[in-house]
Amino acid sequence: MDTCSFYMRNMLHQYGRQLVTSRRLARYHQVLRMNAGIAPEMSPEMRRRIMVERVSRELFDNLLFTGSDNPVVGEVRRELAQALGEAVTFRYPPGQLDIAITKDGPSGQIEVSPEERGRILSQVWTIIRNRVDATML
């Protein structure tokens, strides 16, 4: 292995971790701002739904789109590929906040249309939410 490629890979890995951390912190600060007041007492079912949404959002934002090899993420990807009939790749392009979704085309990876992107993200969200809801106590 070349020393330069090791340092480059290490730098890119650290950069990816910083992006994930910054998104997580931004969401955390947003929640803190929204919850500045005293929260009313909630029913156990409402608290469970909120927790399912939080865990689902964490999977959706930080694990699925960052190339994690978590077993749940692998199951979600397989289920999505089965539902779509083809595998898609998620990635955050450098310098952009929106996720790019690509699929295999005749000339390599091609980005999906905005309509298909919305449909895929909706389907991924439904799969993740159902998976978390089924596994959460």
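The table below gives the values:
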| quantity | calculated |
| --- | --- |
| Angle in degrees between helix 114-135 and the longest Cα principal axis of the chain, rounded to the nearest 10 | 50 |
| Size of the chain as Cα extents on the principal axes (Å, biggest first) | 56, 37, 28 |
| Neighbour-count ranking [beta-carbon atoms within 10 angstrom, fewest first] of LEU32, LEU84 | LEU32, LEU84 |
| Residues in the stretch 64-105 reached by a label modelled at ALA134 [backbone nitrogen below 11 Å; 7 Å Cα→Cβ] | 76, 79 |
| Contact order relative to length of the chain, as percent, for alpha carbon pairs under 8 angstrom and 6 or more apart | 21 |
| Max mean-square fluctuation residue, GNM over the chain, Cα-Cα springs under 10 Å, options ALA26, ALA87, ALA100 | ALA26 |
| Degrees, to the nearest 10: 3-34 long Cα axis against longest axis of the chain | 20 |
| Angle in degrees between helix 71-84 and the longest Cα principal axis of the chain, rounded to the nearest 10 | 70 |
| Computed over the stretch 96-135, Cα set: Rg, Dmax in Å | 12.9, 40 |
| Local electrostatic count at ASP133 - Lys and Arg +1, Asp and Glu -1, tallied over other residues with Cβ under 11 Å | +3 |
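All of the numbers you see were taken from the coordinates with simple rules; none came from a lab. None of these values were measured; they are calculated from a predicted model. Virtual Cβ from ideal backbone geometry, glycine too; neighbours counted across all protein chains shown.
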